[in-house]
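Novice: Here it is: the structure, laid out below.
Derivation of every value follows stated rules applied to the coordinates shown; laboratory data play no part. Just so it is clear, the model here is predicted, and its values are computed rather than measured. Note: ideal-geometry Cβ built from the backbone for every residue, glycine included; neighbour counts use all protein chains shown.
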Amino acid sequence: MIENIDPDVFVRIQTDLLVVGDSIMTDRHHASNGNYQDDDPQNQIGGIIPAFPLSGWLRHGMEEVVHEYDGTACHPGEANANFMKDDVYERDLDDGYHEKGACTDDPKEDDGCVVFELFGGFGGVPGKVMRRPIKFNPVRSSVDYTRGQAEGHYRRLNRNIVSRNADDNREPLRNVEVDAVAHLDGCWHLSFREMKPEFVGLLAEGVDFLDEHKTDFMHQLGGARNFGAGIVDCHLINPLYDERELKRVFDRGKDNTKKMDEKDDQWAEEYRPVFVEAMEERIEEGP
Ligand SMILES: [Zn+2]
């Protein structure tokens, strides 16, 4: 069954507001001819959301799924990293994690736990799922969903940090500028370097977990979560769709074709349960 699944899979990501610290790369310098105005509604600026925050967000969702099935996952941090509190690492190890890389003696010979196999990060192993950045563009006709792109608007938000002292009458102390993407809707492209049924099962379950927990602070994406950013609607786009069907998902004027509905049933009833079962068995086996 896994041989019918293309190693390139797509996760639909929709969010009203995404703040990725200061790390959104934009083409504003090209677009503006040097006359860029933050608040100009005519801004037609695209950019790139780096893979790093997306990857951490997905990984966390997958780790939670592993925990739900009573498994432990590789800790995302190095054992010798300087944690803010010494006991944090120890506490995590009691709480569904094992030391990063402890699940494999030799990462080149032995796969380790499923989270390690997918994300790597130890002994020079890159992980078997390649996470790409998302290129976004405010002009929908320029968005190529089959290449993992999204419609979205770059915005620079300005926030005044005001004095808390009553005597100061909320006098602004400083102004903070934050890079944000508004009204993001598109595809995140993931490529498996090697296909295994449990990989697809864990991806499907992890993405569902994130969607169900999207308003939990821990499972929001990026920064500024206290201000309502990073609440993401997400789902795995049916891996059985071909390119034309993938594009149709984003065509607001068109519904699913009959063929797409059939593929949805096939995915839900035949494929997905097999992959989730493979994941369950893999987690049960232990790292
Ligand atoms: Zn591990």
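Novice: Would you please calculate the Kirkwood hydrodynamic radius of the chain over all C-alpha pairs and express it in Å, rounded to one decimal?
Specialist: Details: mean 1/r = 0.0481 Å⁻¹.
One over the average 1/r among Cα pairs gives 20.8 Å for the chain.
Novice: Toward the positive end of the charge dipole of the chain, about the Cα centre and with charges on Cβ (Lys, Arg +1; Asp, Glu -1), which of G222, V9, A150 goes farthest?
Specialist: Sorting the options by dipole projection puts first A150.
Novice: Across the range 170-178, in residue order, what do the Karplus-derived ³J(HN,Hα) couplings come to in whole Hz, using 6.51 cos²θ - 1.76 cosθ + 1.60 with θ = phi - 60° and x for Gly and Pro?
Specialist: Each residue of the range 170-178 in turn: 6, 5, x, 8, 7, 10, 10, 9, 10 Hz.
Novice: Using the Karplus equation 6.51 cos²θ - 1.76 cosθ + 1.60 (θ = phi - 60°), what ³J(HN,Hα) coupling, rounded to whole Hz, does each residue of the range 282-287 give in order, writing x for Gly and Pro?
Specialist: Those phi angles translate into 4, 5, 4, 4, x, x Hz.
Novice: Only Cα pairs under 8 Å and at least 6 apart count here; give the relative contact order of the chain as a rounded whole percent. Please report the intermediate quantities before stating the final value.
Specialist: Working: 529 pairs, mean separation 85.2, N = 287.
Rounded, it is 30 percent for the chain.
Novice: Using Cα pairs closer than 8 Å and at least 6 residues apart in sequence, work out the relative contact order for the range 105-162, in percent. If you can, show how the numbers build up before the last one.
Specialist: Numbers: 47 pairs, mean separation 11.7, N = 58.
For the range 105-162, the relative contact order is 20 percent.
Novice: Q266: net charge of surrounding residues, Cβ under 13 Å, Lys/Arg +1, Asp/Glu -1, itself excluded? Don't skip to the end; give the middle numbers.
Specialist: Values: positive: K258, K259, K263, R272; negative: E245, D261, E262, D264, D265, E269, E270.
Taking every other residue near Q266 into account, the sum is -3.
Novice: Would you kindly calculate the mean projected area, averaged across all directions, of the convex hull enclosing the Cα atoms of the range 145-235, in square nanometres?
Specialist: Values: hull surface 33.0 nm².
Answer in nm², one decimal: 8.2.
Novice: Pairs of lysines 8 or more apart, or on different chains, with alpha carbons under 23 Å: count those in the range 2-285, would you?
Specialist: Step by step, the pairs that qualify in the range 2-285 add up to 14.
Novice: Let me ask something else about it. Please report the antiparallel percentage of the DSSP beta bridges confined to the chain, to the nearest 5. Don't skip to the end; give the middle numbers.
Specialist: Values: 37 of 42 bridges.
Just about 90 percent of them are antiparallel.
Novice: Can you bin the range 222-272 into rounded, prolate or oblate? Criterion: square roots of the alpha carbon gyration tensor eigenvalues sorted a ≥ b ≥ c, rounded for a/c under 1.5, prolate for a/b above b/c, oblate for the rest. Walk me through the intermediate numbers first.
Specialist: Values: a/c = 3.37, a/b = 1.91, b/c = 1.76.
Prolate, since a/c reaches 1.5 and a/b exceeds b/c.
Novice: Can you give me the C-alpha center-to-center distance between the range 201-277 and the range 119-197, rounded to a whole angstrom?
Specialist: 18 Å
Novice: If you don't mind, another one. To check my understanding: the extent here is largest minus smallest coordinate of the Cα atoms along each principal axis. What are those three numbers for the range 88-142, in Å, largest first?
Specialist: Per principal axis, max minus min of the Cα coordinates gives 49, 30, 15 Å.
Novice: If you take every residue apart from L173 with its C-beta less than 15 Å away from the C-beta of L173, what net charge results, scoring Lys and Arg +1 and Asp and Glu -1?
Specialist: Numbers: positive: R159, R164, R170, R174; negative: D167, D168, E171, E177.
Once positives and negatives cancel, what remains is 0.
Novice: Let me ask you something else. How large is the helix-only mean residue ellipticity at 222 nm for the chain, computed as the sum of -39500 (n - 2.57) over DSSP H runs with n ≥ 4, divided by its residue count, in deg cm²/dmol to the nearest 500? Can you show the working numbers first?
Specialist: On the way: 8 runs with 84 residues, N = 287.
Rounded to the nearest 500, the figure is -8500 deg cm²/dmol.
Novice: Still on this structure, please answer the following. State the cysteines of the chain left without a partner when partners are defined as other cysteines whose beta carbon lies under 4.7 Å away.
Specialist: By the Cβ distance rule, which asks for a partner under 4.7 Å, the isolated cysteines are C74, C187, C234.
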